[in-house]
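Following: one structure in structure tokens, then a few remarks.
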Amino acid sequence: MRSIKLKGVNKTIYEEKLDNGLTVFICKMKGFEKKLAFFETKYGSVNNEFIPINKKEFKKYPLGIAHFLEHKLFESADNSNVFEQFQNDTAYVNATTGHNSTNYFFDCNKKFNKNLKRLLDMVQSPYFTYENVEKEKPIIGQEIDMYQNNPDQTIYDKLYYNAFVNDPIKYDIAGTKKDIKLITKEDLYECYNTFYHPSNMFLTIVGDVDINNVMDFIKENQKTKSFPKAPKIINKKIDEPDYVDKKSEKITRNVAACKIGYAYKIKLDELSPIEDLKRSFFLSIFLRTKFGELTNFTEDLIKNKLVKSYFYYYPNITKKYALIVFYGDVLDDEKVKRLIDEKLTCFDDLKESFELYKKQGLSNYVKMFENPNAISSHIRYMYNKYDIIMDNCYDIYKNVSFDEYLEFVKKIDYKNQTKIVIESGKGK
């Protein structure tokens, strides 16, 4: 077992790779009653074209299949109610599918090992039949309808769809009703057997646990299961151009006020993990400086009657692109857009705000390690993106300079933009 001592926060993460390839991370939180476990595979909605295990050719799968698979792993051959079983043992269980990963998790105060065994067994015992696959399709269809009836979610999804050309990140994680109708149990098994091998998965545990006891418990659990040789995962390489797929779109919905979203698609150079971490830190500081809670940006928009009630920004950073999204109840499209552009391209008086938000970022990083959920999120983010847990994040953030920051923000190119307008009316 390897110990990773995180600088600046007095925390240690224990890491071990088991014989079957599963990587386990444990962070002990002495004195905390709540214990958390996240069982995660590096497989998400963007992985829909790849060479399946034991095959030689690429195969394209229906959109939304990773999310569909997440739903089906809660079903067992004996038709037992997994949610109820966790609840009876004082645990809350759930799962989420993202663009690049799917995770299954629970938290509890008691019976941790029992709940952990149930989570591992559930995820590692797939049970797909024609009947249970067909039964799930209308359930997920209702979930898709629910998201499509949310105007804010529509803006967010449409901005992604219009910003990207070829990258499957453009598509909704749940897919469409048309997509999920095509999913078969054979598809699910192929995806599961390719991406749910322990070598492509990791387990994160945070709480006041006996580290050696829990690690021995996991090893014994994994020894009871047989796995084939780890597959070599080959995803289809995607060539994504810098330009956006569609510069603007207007749709109608049953909304009280006009809603508008803007997105800026920014190409990112491939960097080392340290330089990439610094870049994310710089972008966070810059956007907080211009649009964050300590600014009066949204209040001024409301006061000057440019937006009705709210205006949000949200950055999403992948390995190759950053997408900065703005959306809200906009009353004057041209003025709001002009103000955003002016702020993004103005670099006056950044020195003072840099020092302020740098200190805030360091403080937030330290405080994060007082919260079990935040710790698990940090571990999972680092391992999903970099395949490592860096021990020197605090030093990296502490030692970044204003000159580095200024050089980065001045080089950002905002020319690739897209806009979505939702007007009041009868539409779908």
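The values are calculated or read from the model by the stated rules, or taken from the named source; none is laboratory data. The model shown is predicted, which means the values in this text are computed figures rather than measured ones. Reconstructed Cβ throughout: ideal geometry from the backbone, glycine too, with neighbour counts over all protein chains shown.
Listed here are the helices (runs of 4 or more DSSP H) enclosed by region 127-192 that have at least 3 residues being farther than 30 Å from SER424 by Cβ: 130-148.
For LYS35, the conditions (1) modelled with pLDDT of 95 or more; (2) among the basic types (Lys, Arg); (3) surrounded by fewer than 19 Cβ atoms within 10 Å (Cβ to Cβ) all hold with the exception of (3).
Looking across region 91-112 at every residue that is of a type in the set (S, T, N, Q) and without any contact (Cβ under 8 Å) to a residue 60 or more places away in the chain, the one that is surrounded by the most Cβ atoms within 10 Å (Cβ to Cβ) is identified as THR96. The set of residues from region 160-210 being over 18 Å from HIS67 (Cα atoms) and surrounded by fewer than 16 Cβ atoms within 10 Å (Cβ to Cβ) comprises ASN166, ASP208, ASP210.
Against the criterion of being surrounded by 18 or more Cβ atoms within 10 Å (Cβ to Cβ) and closer than 30 Å to PRO138 by Cβ, PHE83 does not qualify.
When each of PHE286, PHE227 is tested for being in a loop (DSSP other than H, G, I, E, B) and surrounded by 14 or more Cβ atoms within 10 Å (Cβ to Cβ), the lone residue that passes is PHE227. Residues in region 131-151 include none that are surrounded by 18 or more Cβ atoms within 10 Å (Cβ to Cβ) and under 19 Å from ASN221 (Cα atoms).
Yes/no matrix, rows are residues, columns are (1) assigned by TED's automatic domain parsing to the domain that holds TYR171; (2) touching a strand residue (DSSP E or B) at 6+ places or on another chain (Cβ under 8 Å); (3) on the phi > 0 side of the Ramachandran plot:
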{"position": "THR90", "(1), (2), (3)": "yes, yes, yes"}
{"position": "ALA95", "(1), (2), (3)": "yes, yes, no"}
{"position": "ASN100", "(1), (2), (3)": "yes, no, no"}
{"position": "LYS111", "(1), (2), (3)": "yes, yes, yes"}
{"position": "GLU143", "(1), (2), (3)": "yes, no, no"}
{"position": "TYR147", "(1), (2), (3)": "yes, no, no"}
{"position": "ASN150", "(1), (2), (3)": "yes, no, no"}
{"position": "GLN153", "(1), (2), (3)": "yes, no, no"}
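One line per residue, one yes/no per condition, for (1) among the polar types (S, T, N, Q); (2) surrounded by 12 or more Cβ atoms within 10 Å (Cβ to Cβ):
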residue: VAL325; (1), (2): no, yes
residue: LEU331; (1), (2): no, yes
residue: LEU339; (1), (2): no, yes
residue: GLY361; (1), (2): no, yes
residue: LYS367; (1), (2): no, no
residue: ASN373; (1), (2): yes, yes
residue: ASN392; (1), (2): yes, yes
residue: GLU404; (1), (2): no, yes
residue: GLU407; (1), (2): no, no
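Going through PHE105, PHE112 one at a time, which residue ends up being touching a Ser or Thr at 6+ places or on another chain (Cβ under 9 Å), hydrophobic (A, V, I, L, M, F, W, C) and farther than 26 Å from GLU49 by Cβ? Answer to the selection: PHE105.
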